[in-house]
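Here the structure comes first, spelled out in structure tokens, and everything after it is commentary.
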Amino acid sequence: MLGLGRKDFGLLVIVALLTLLAPFILNPFPSDSSLAQFNAGYPDLMQRFVIFGIFAIGFNILFGLTGYLSFGHAAFLGVGSYAAVWMFKLLTMNVIPAIILSVLIAGVFSLLIGYISLRRSGIYFSILTLAFAQMSFALAYSVLTPITNGETGLQIALDDPRILGVSQTADGSIPVTHLFGLEMRATEVVNMGPWQFQFSAGYYLCALLMLIAFYLAIRIFRSPFGMMLRAVKSNQQRLYYTGLNARPYTLAAFVISGMYAGLAGGLLAAMDPLAGAERMQWTASGEVVLMTILGGAGTLIGPVLGAGFIKYFENIFSKINDNVLHGWFAFLPDGIEDALVAVVHPFIGKGWHLTLGLLFVAVVIFLPGGLVEGGQRIARLFRRKPAPDTERAHQHTPAE
Amino acid sequence: MTKTNVTRRGVLRTGAVAGAGLALPTYLRAAQHEGFTNAPTGDTVTLGFNVPQTGPYADEGADELRAFELAVEHLNGGGDGGMLQTFSEKNLDGTGILGKKVEYVTGDTQTKSDAARASARSMIEKDGAVMISGGSSSGVAVAVQGLCQEAGVIFMAGLTHSNDTTGKDKKANGFRHFFNAYMSAAALAPVLESLYGADRKAYHLTADYTWGWTQQESIQAATEALGWETVENVLTPLAATDFSSYIAPVLQSGADVLVLNHYGGNMVNSLTNAVQFGLREAQANGKDFQIVVPLYSELMARGAGENIAGIPGSQNWDWKLENQLGERYTGTNAFVQSFGEKYGFPPSQAAHTCYAQTLLYADAVTRAGSFNPCAVAEALQDFEFDGLGNGPTTYRGADHQCFKDVVVVRGKENPENEFDLVEIVEVTPADAVTYEPDHPMFSGGSLGSCNPGA
């Protein structure tokens, strides 16, 4: 269906269901229980899950298929955000023009950077992209302050022109981002017994775009073009010897993944109209690499899982403080309670990087194929006979 | 070509999914209609404390968090009550706010606007925070203030010193107790004149974001009014940790004063670099070379160690105020005592302003009789109070800025202990640092109207 094989269509349906039902799936704990701390089903985080999912899917088209490791993808995300916020400032608060412009600008920008960086491969390509991203960051952070507002970040203001919209609403506040009148921050809160579920308009827009992005990624993975990209990954020399020029293919992959990043950046700005230079910093570029590897590079669903995993840690673990810990361990005698809190303390709050790092190390050592491999191993345990699919999947990989 | 195989299992699975999907809209809808965002419904109320736990302002953030915890403890009737006893309003009786026990959530702003907004959004959307406080960077404060305005909750700014916070980026839902760059410059200028004379050439190093820009603008205007000359202003990235390359050209520039418009870790590093380059012993234009740090804090003094000796700057508050300048600054000792008892050292000005903001919010809610942001904002506008350690203070309604005395300090030459690094030079009365709401440095923005959200 939709030009997809049966397995891929099944995967698309599963992803669609997961994203549509995310408000339920991510809020498994009643809102007044102590475990509510671990609920992730609030609009901001759900939006981040799918937006960074788009970012990682795009990155995976480049890294997973061609093996070109770009360390500068955050630059495209940042450019997309700035483009979107400028659209909000100048044209209208409707998100459609902003998203379209952010994708286009990121595409042009990635064409420029890709054209130069792709003259080299391997580590040199990575360093080139890193250099370009850091240059963009420095530009956004200080040199281009009139355009980017530097470290403070580009924000919308009451006196922006907004040619097709209003500068300020009737009651004197800044208008909010909307899709033909449907406010992006509009949230329907549904209470079911002790559970509380939040359905956000912005989230469903992002989820819809992620599904489209995911569908396109599947089509690219299964297309002859995708096959060429895999050929680049397995042996570029051989490709050249057979008389094929690989660069147009890699450049196309680079631009496509740059546009995905731009879409993610535009969506970030559409959900919360602010663009900061730190979105372009090398740590942000590194984050998407981590997401892809953690989830499983070269797999379809992997990057989305990785993105969700990292964003969950960033937003949930960083908010656990000693006070919360004392609440959990309150049933223990005082001495043991304090000792336990002291042991757990370095891993929560600002120490969430440490927890994430340990998990990352564990995943890379024990599950080199990322979370997807973990899922496959679990699935294999429950399957009656050894799966023939995995063997078939291996045959797809061309011989080295 | 697509082949369709209908199996019993497939039909069951599809049926279950379709059923769940169809049942979805029939769930009971219980939308909240209290008229404002996150109206507290149970017997508790949640406040969000969003502070930098990592990045150049992490020390300030940690101290702010301590103060917030202390304030919550006092509001809930724990501890010795701190400044609740000296506060001129007596509405808070240790039973929480409006009888609701105060709970709080914390977040890490990472000193980045983006991360700060994400953290604040999760507090509002997930934890149901009805007020957000904190910040330790004006860039972050401006960004979070904008978010709170959109979301319809009150923002009680913590440590933010940029003119823009209550200037061009002011918002109806945002309130600032802390002083600002203009006030610093106005208080500092006369002291600088008496210390270093009216004929000086200044070289500015400025943190490259909203606070640095307005701080530099303010101090440049104030010193040029004295007759000083500004040689150059160099912008440095907020994330920088090594300033040697910025310090090196200073001595050759013909300047004889270095103004460090830096704060927190930035200032500790740049001052240390400046001292390493021998600027303190240097001579320029036949005068002793001098260093000025317009915005000062005990935490920074502790970080910079003996390098800070003799360097002048300004503060919002100092823990020695009441001991040295008497009754007018009542509240200071009460706060220092309860903070010291709990944590073992005196609080910084960042801690003080956050503690005061929490109390002011609680009191405003109590006086308004509602958590509704619009009612709270009305209660805070043009509110006059005393007993929070700064002397008589006014929350001006026109821009939501507090007006109070400014403390001019300098690093002690021979500190007795590690907490007594700063000596008070003089206190500039509030009148001397007051400006019109439409002052050019603050113009260009508008409060807009209060937004209760929902």
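Over all pairs of distinct alpha carbons, what does the Kirkwood formula give as the hydrodynamic radius of chain A, in Å?
22.6
Kindly write out, for the stretch B:156-168 in residue order, the coupling ³J(HN,Hα) from the Karplus curve 6.51 cos²θ - 1.76 cosθ + 1.60 (θ = phi - 60°), rounded to whole Hz, with x marking Gly and Pro.
Once θ is set to phi - 60°, the couplings for the stretch B:156-168 become 9, 4, x, 7, 9, 10, 5, 4, 5, 4, 10, x, 6 Hz.
Using alpha-carbon pairs under 8 Å, 6+ residues apart, how would you state the relative contact order of chain B in percent?
19
Averaged over every viewing direction, what's the projected area of the C-alpha convex hull for the stretch B:300-399? Give it in nm², one decimal, please.
One quarter of the hull surface, i.e. the mean projection, equals 8.1 nm².
Quick one: Karplus J couplings for the stretch A:131-141, per residue in order, coefficients 6.51, -1.76, 1.60, θ = phi - 60°, nearest Hz, x for Gly and Pro?
With the stated coefficients, the stretch A:131-141 comes to 4, 4, 5, 5, 5, 4, 4, 4, 4, 5, 6 Hz.
Using only the alpha carbons, work out the radius of gyration and Dmax of the stretch A:147-194 in angstrom.
15.5, 49
Given the options B:Ala248, B:Gln110, B:Ile308, identify the residue whose Cα lies farthest towards the positive end of the charge dipole of chain B (+1 on Cβ of Lys, Arg; -1 on Cβ of Asp, Glu).
Positive-most Cα among the choices belongs to B:Gln110.
Where nothing but the Cβ of Lys and Arg (+1) and of Asp and Glu (-1) is charged, how large is the charge dipole of chain A around its Cα centre, in debye to the nearest 20?
Dipole magnitude for chain A comes out near 1900 debye.
Do you know the relative contact order of the stretch B:182-315, to the nearest whole percent, from alpha carbon pairs under 8 angstrom that are 6+ apart?
This gives 26 percent for the stretch B:182-315.
What whole-number distance in Å separates the alpha-carbon centres of the stretch B:68-146 and the stretch A:118-194?
Between the Cα centres of the stretch B:68-146 and the stretch A:118-194 lies a distance of 27 Å.
Magnitude of the Cβ-charge dipole of the protein assembly as shown, K/R +1 and D/E -1, about the Cα centre, nearest 20 debye?
Its charge dipole is roughly 5780 debye.
With N residues in the stretch B:140-269, what two-decimal value do you get for its Cα radius of gyration over 2.2 N^0.38 Å?
In units of the 2.2 N^0.38 Å rule of thumb, it is 1.16.
Of B:Thr428, B:Pro440, A:Tyr68, which is farthest along the charge dipole of the protein assembly as shown in the positive direction, counting Lys and Arg as +1 and Asp and Glu as -1 at C-beta?
After comparing all options, I get A:Tyr68.
Given that compact globular proteins tend to follow 2.2 N^0.38 Å, what is the ratio of the alpha-carbon Rg of the stretch A:129-216 to that value?
On the way: Rg = 18.7 Å, N = 88, 2.2 N^0.38 = 12.1 Å.
Relative to the rule-of-thumb radius for its length, the stretch A:129-216 sits at 1.55.
Can you divide the C-alpha Rg of the protein assembly as shown by 2.2 N^0.38 Å and report the result to two decimal places?
Computed over Cα atoms of the protein assembly as shown, the ratio equals 0.99.
How large is the convex hull of the Cα atoms of the stretch B:275-349 per residue, expressed in Å³ as a whole number?
108
Taking only DSSP H segments of four or more residues, each worth -39500 (n - 2.57), what value at 222 nm results for chain B once the sum is divided by all its residues, to the nearest 500 deg cm²/dmol?
-11500 deg cm²/dmol
Find out how many positive minus negative residues lie around B:Asp420, taking Lys and Arg as positive, Asp and Glu as negative, among other residues whose Cβ is under 14 Å from that of B:Asp420.
-3
In whole Hz, with x marking every Gly and Pro, tabulate ³J(HN,Hα) for the stretch B:173-188 from phi via Karplus 6.51 cos²θ - 1.76 cosθ + 1.60, θ = phi - 60°.
Values per residue, Gly and Pro as x: 8, x, 9, 10, 8, 4, 7, 9, 4, 4, 4, 4, 5, 5, 6, 7 Hz.
What base-10 log of the normalised intensity I(q)/I(0) is obtained for chain B from the Debye formula, alpha carbons as equal point scatterers, at q = 0.08, 0.09, 0.12 Å⁻¹?
Here the Debye-derived log intensity ratios amount to -0.47, -0.57, -0.95.
So, with +1 on the Cβ of K and R and -1 on the Cβ of D and E, and no other charges, what is the size of the charge dipole of the stretch A:207-286 about its Cα centre, to the nearest 20 debye?
The calculated dipole for the stretch A:207-286 is roughly 480 debye.
So for chain B, taking the charge dipole from beta-carbon charges (+1 Lys/Arg, -1 Asp/Glu), which of B:Asn414, B:Val376, B:Tyr355 sits furthest toward the positive end?
B:Val376
Since every read-out is calculated from the coordinates, none of them should be taken as a lab result. No experiment lies behind these values; they were computed from the predicted model shown. Backbone-built Cβ (ideal geometry, glycine too); neighbour counts: all protein chains shown.
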